[in-house]
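To start, the structure itself, in structure tokens.
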Amino acid sequence: LLYSYSRTNYITRAENQSAVMEAVDTLSEQMPIAVAGSNIYAVVKASKISSLPDDHSNYLLADEAVPFYQMALHGLIPYSTSAGNTSYDLTTQVLKWMETGAQPYFILTDEATEKLRNTSYTKLFSSEYRLWADRIAEIYAEYNAMMAPFQHEFMVSHTRLTEDVVKVAYSNGKSIVINYGQEAYTGDGVSVAALSAAG
């Protein structure tokens with residue numbers, strides 16, 4: 001987002017964007033850079049994107065949400081969305097990563113999360129890496145086993161097969177079916193257990 005918080009020395013959004021892009025241009029000539037969020041003007045010089053939204057805007061004019069931004073970027077630049085350890089449901093978050101082609105992502109700390117209790121940083125409830133290490137290793141192994149064929153491919157279609165099941169196809173002719181439902185799904189030439197994915 002492009003904001004200027006100064007009440008006396010304000011700048012326009014266009015001026016702020018220009019200043020941001022000047023910094024991005026300068027830095028990208030010296031090192032790979034990562035950007036946070038979905039501002040497309042900064043993406044063109046980035047080597048990675050973090051905090052990319054993975055949910056829809058809830059606009060009433062749309063009858064179906066599709067990962068349009070991810071479809072435009074997948075195969076061109078790696079990106080991540082929400083941190084797994086800030087998700088209300090980690091199983092659903094892993095499936096969402098698979099649906100949107102986002103890389104798994106966690107925010108971890110060396111010390112106990114409780115040390116942040118009386119600070120202004122309130123986003124983490126559980127972050128100590130010792131508590132997460134085994135689970136993260138499992139998630140990365142599961143993710144890589146499913147998503148390795150798609151990592152450098154373009155996402156070419158996103159189809160809702162049922163209310164709880166989506167199919168994402170890639171430029172190599174392969175696809176993945178994600179089942180968010182509580183019951184197994186069989187159809188479109190694939191069987192997918194509840195709360196899982198199959199390629």
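The values are calculated or read from the model by the stated rules, or taken from the named source; none is laboratory data. Note that the structure is predicted; figures quoted are calculated from it, not measured. Note that each Cβ is placed from the backbone with ideal geometry, even for glycine, and that neighbours are counted across all protein chains shown. Ligands, DNA and RNA are excluded from the accessible area calculation, which covers all protein heavy atoms including side chains. Shrake-Rupley method; radii C 1.70, N 1.55, O 1.52, S 1.80 Å.
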- Message: Residue pairs, Cβ under 8 Å, 6 or more apart or interchain, first in the stretch 64-82 and at pLDDT below 90 and part of a loop (DSSP other than H, G, I, E, B), second open to solvent by less than 50 Å² (accessible area, probe 1.4 Å) and among the hydroxyl-bearing types (Ser, Thr, Tyr). List them.
- Response: Pro67/Thr100
- Item | Residues (part of a strand (DSSP E or B) and open to solvent by 60 Å² or more (accessible area, probe 1.4 Å)) located in the stretch 160-199 | Arg160, Thr186, Ser191
- Message: Looking for something in a helix (DSSP H, G or I) and at pLDDT below 90 - is there at least one such residue anywhere in the stretch 116-139?
- Response: yes
- Task: Tell me which residues, restricted to the stretch 149-158, are open to solvent by 60 Å² or more (accessible area, probe 1.4 Å) and either touching a Pro at 6+ places or on another chain (Cβ under 6 Å) or at pLDDT 95 or above (or both).
- Result: Phe154, Val156
